[in-house]
Amino acid sequence: MQPLGKAASDDDRPLIERVRRGDQDAARILYERYFDRIYNYVYARLGRAEDAEDLAIDTMTRSLTRLDLFRDQGVAFSSWVYRIAHNATIDHYRRQGKAILVPLESATIPVSADPSELAVDQLSNDDLREALRALTDEQQQVLILRFFQDLTAAQAARIMGKSVGAVQALQHRALGSLERVLHGRTNN
Amino acid sequence: MTPEVQRLERLAERLRSVDPVMPSPGAKIRGWNLVLAAVEQSASGRSRSHPVRRLVLAAVAAAVLLVGGAVAASADSLPDSALYPLKAVVENVRGALAFSPSDKFAYHLDLAQTRLTEAEAMIARHRVDLAAQALSGLNDQLNQAALVVQAERLSDPALAASLENRLVQAIAIHDQQLAGLQGQVTNPAAIAAITQARDRAAQALQTAAKPTSSDGGKPSTTSSDKGPGNGASATPHLTPKH
């Protein structure tokens, strides 16, 4: 797997102060640090490069121009950026008129299928990405953050506003749901 | 570990191995241009301190909104945008206001970078025809910058040397960007256009290195001149470092 670049860190704080003073070089560093990650995050949610580009740009624009709204008190800048991206994704879905919070039990997933037969290694990346989008909003988010973005459970918890335990439980449920979706697809 | 946990662990590992989808270079550059414009606007908004001054500025802004809005919107427009022709008009006005050789040189280098950004964006959108036009524009601007250098050789050799050095650096950076772009496209027409743009950029350096014609007239070299330079100036090695 290719690296997505430097992960969020405490290094952001001095850069944020510089951006607040109008330092464009600092803004460029933060942009370079987060743009690819946010693009990757949004793309995993939407599956369309054009939309992912627009939303990633929108997210970075909001992040770097609305720093007056960001208070570094318990919430890292990285978490703030991801939340903006998440909200932008939700807004995008709403504008497109798509339902996003699909309860798993109402989705067309063959729960009776035997998941033990799933050949994980033979699944293509596209299969995985597509199946992931059949999950609920929170399930998608936790899997993308933990496995596509390679964040820790603690980092994902801060972004999602949950406890680490809740994220771990959600992750377990999400993996189970994904397995059932994939199994349903391979049987169809 | 239960069989279920083992299965889910395998699935988690498979998810970790999914290659990340990266944005195109054009999208990244376009994004930065838009973010930078917004950051600049945000910074200038914060710098306005006096309420009365803010009011006056707001009134002035409102007065020029209709005309200025379209002009400003055109600044970031791309070749496939309806506002793009307006961008060309604005650029021409800027060029007409550049009087000194240094200003003219900076103007042409700035436009060269703009054309390159446009080309990257057009390739990202699979508009090879418009990308080729933008690349041609890039070369025209580099050649114009080279002609400014050439024209200064007799009147101000020190300035000419300084400008030539900047041109060398700019073309080397452009070449790196073009090489990166070339490595990412598969369309033969796009590859050919990029290859031609790289070759013509190197020719612009040769143009800059040529002495001005002895009769003091206009430099004789055009963008299609493929003749070698006189060797007075080192042509940079344009191979990307990465």
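Values for this structure:
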quantity	calculated
Check: the stretch A:6-96 dipole with +1 on Lys, Arg Cβ and -1 on Asp, Glu Cβ, in debye	240
Exercise: per-residue mean of other protein chain Cβ atoms within 10 Å, B:6-13	6
The stretch A:136-168 residues near the modelled B:SER17 label - backbone nitrogen below 18 Å, point 7 Å along Cα→Cβ	A:147-150
Dipole-positive endmost among A:VAL167, A:GLN141, A:HIS183 within the stretch A:115-186 (Cβ charges, Cα centre)	A:VAL167
Accessible area, probe 1.4 Å, largest first, for residues B:LYS210, B:LYS87	B:LYS210, B:LYS87
Relative packing of B:141-150, A:128-137, which averages over residues the other C-beta atoms within 10 Å, highest first	B:141-150, A:128-137
Cross-link reach list, aspartates and glutamates versus A:LYS162, counting only Cα pairs under 14 Å and skipping chain neighbours closer than eight places	A:GLU138
Average partner coverage of A:58-66, which counts Cβ from other chains inside 10 Å	4
Positive-pole candidate from A:ALA85, A:ILE16, A:THR61, dipole of the stretch A:6-96, charges at beta carbon	A:ALA85
Sum of side-chain charges, B:ALA27 neighbourhood, beta-carbon under 11 Å (Lys, Arg +1; Asp, Glu -1)	-2
Pair B:LEU86, B:ALA37: separation of 7 Å Cα→Cβ label points (nm)	1.1
Buried accessible area, chains B and A (both chains, 1.4 Å probe, Å² to nearest 100)	3600
Net charge contributed by nearby residues that have their C-beta within less than 15 Å of B:ASP103 (K/R +1, D/E -1)	-1
Order by protection proxy (mean Cβ within 10 Å, highest first), peptides A:79-90, A:13-24	A:79-90, A:13-24
Average beta carbon contacts from partner chains per residue of A:21-29, 10 Å cutoff	3
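The values are calculated or read from the model by the stated rules, or taken from the named source; none is laboratory data. Remember, predicted model here, so these are calculated numbers, not experimental data. So basically every Cβ, Gly included, is an ideal-geometry build from the backbone, and we count neighbours across all protein chains shown. All accessible areas refer to the heavy atoms of the entire protein, side chains included, with ligands and DNA or RNA removed. Shrake-Rupley method; radii C 1.70, N 1.55, O 1.52, S 1.80 Å.
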